[in-house]
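In what follows, a single structure is set out as structure tokens and then discussed.
Each reported figure results from applying straightforward, stated rules to the coordinates on display, with no laboratory input. Everything numeric here is computed off the predicted structure, so don't read it as measured data. Methodologically, a virtual Cβ is constructed for each residue, glycine included, from the backbone with ideal geometry; neighbour enumeration extends over all protein chains shown.
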Amino acid sequence: MASSKLRGPYAETRDVVPRFKTYMPADISNPPTVRFERDIVGVDWQELISLFQLAGLSGREGDKVRRAFENSTAVCFAFDGSRLVGASRALSDREYHATIYDVAVHPDYQRRGIGTRLVNELVAMLPVWRVLLVADGDVKDFYRRLGFEDFGNVMGRFDRTKLFDAS
């Protein structure tokens with residue numbers, strides 16, 4: 001296996017057998033050709049940016065995307081052959097808290113358990129008691145099925161001038 005910028009036991013390739021059947025509906029399974037990788041080796045960053053656009057995750061452009069994944073605590077990608085069909089990442093202090101970001105699945109591959117597997121792989125890599133994420137209203141039910149619940153006292157501070165690299 002090639003090395004990655006991620007360190008420790010969390011930077012490894014995973015097999016295609018679902019880890020958390022508890023959260024995997026019985027009638028949904030991963031396509032047999034999809035493999036899951038827990039590192040950034042071989043990721044085509046332009047393909048990832050295209051995946052974000054196709055999945056409706058706007059505001060992710062340029063080299064910032066690569067840097068965001070390189071600086072993440074945990075990552076997981078889904079590939080069908082050499083085609084990138086899913087991605088996810090998380091930041092954590094590895095003690096108490098973590099936050100999941102950028103869960104995206106290609107529209108042609110949605111509703112096949114890939115998003116579930118991406119999230120479960122991240123959670124398995126995070127040895128913490130609290131995992132947070134930001135979810136739009138149309139995907140909240142998906143995350144509820146994975147054990148997430150509303151957390152009403154979360155606040156955010158936003159500086160949109162830092163969303164993109166300066167040109």
Place the peptides 113-123, 140-150, 40-50 in order of packing, highest mean first, counting for every residue the other Cβ atoms within 10 Å and averaging per peptide. 113-123, 40-50, 140-150
Give me the three principal axis extents of segment 71-136 from the C-alpha atoms, as integers in angstrom, largest value leading. 35, 25, 18
Amide hydrogen neighbours beyond the local backbone of residue 133, cut-off 5 Å, H modeled: 100
Expected vector for segment 105-115, Karplus 3J(HN,Hα) from phi with 6.51, -1.76, 1.60 and θ = phi - 60°, integer Hz, x for Gly and Pro, equals 10, 3, x, 5, 10, 6, 6, 10, x, 5, x
Each residue of segment 83-99 in turn: what ³J(HN,Hα) in whole Hz from Karplus with 6.51, -1.76, 1.60 and θ = phi - 60°, glycine and Pro shown as x? 7, 6, 10, x, 8, 6, 8, 8, 10, 7, 8, 6, 10, 10, 10, 8, 9
